[in-house]
Amino acid sequence: MEPLSWMLGTWLSDPPGDGTFPTMKPFQYLEEVHISHVGQPMLNFSFNAFHPDTRKPMHRECGFIRLKPDTNKVAFISAQNTGLVEVEEGEVNGQELSIASHSIARMSFAKKPHVEQVSAQLQSCLTASWGLTFFFFFLKFRLNSDGKLEQTVSMATTTQPMTQHLHITYKKVTP
């Protein structure tokens, strides 16, 4: 799990994250991220987003990050409070994790439009989606030169092409 050790700890958004999508009003959010290791060949994670003014809970997501042994291949497995379950796959290169949708499932009464694709870049960053049904995600996380985790999430729905949805920066508060 050494290639992913840079992600371990508790991270808080600093400053609030920004969200946008063609079908919604721009918004900001706070997020707390916990990434831990309990001795199994995977990391556990939880993302908890809050309204920046009221602290009202927003998005919730939890799951696992698995590393294929002896490779830089990664699987990101998550369940969200919106009824969305995702498996994303990609690679970790140094202190950057890029993953894209492999499969997405949702509850039968999920809100439309449905998400078709999600993409994220975890450059020491991590985030999620709000209340839409998605079919593809792309996520990217990376640890930046200031030691902060940055996350960028892009998604496509049944009515919109792949578009950046979220960007957030986190500072580490516990190892």
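Every read-out reported here was derived from the displayed coordinates using simple, explicitly stated rules and does not represent laboratory data. The model shown is predicted, which means the values in this text are computed figures rather than measured ones. So basically every Cβ, Gly included, is an ideal-geometry build from the backbone, and we count neighbours across all protein chains shown.
Can you tell me, using C-alpha contacts under 8 Å and at least 6 residues apart, the relative contact order of the chain as a whole percent?
Working: 563 pairs, mean separation 35.1, N = 175.
So the answer I get is 20 percent.
Dipole of the stretch 2-174, Cα-centred, from +1 at each Lys and Arg C-beta and -1 at each Asp and Glu C-beta, to the nearest 20 debye?
Once rounded to the nearest 20, the dipole reads 400 debye.
To the nearest Å, what is the center-to-center distance of the stretch 29-60 and the stretch 90-109, using C-alpha atoms only?
Cα centroid of the stretch 29-60 versus Cα centroid of the stretch 90-109: 16 Å apart.
Less than 15 Å Cβ to Cβ from Arg66, Lys/Arg counted +1 and Asp/Glu -1: what total charge do the surrounding residues give?
-4
Answer with one residue from Ser145, Asn93, Thr23: the one whose Cα lies farthest towards the positive end of the charge dipole of the chain, charges on Cβ with Lys, Arg +1 and Asp, Glu -1.
Result: Thr23.
Please work out how much length the chain gains when fully extended from Ser46 to Lys25, using 0.36 nm per residue of separation minus the C-alpha to C-alpha distance, in nm with one decimal.
5.0 nm
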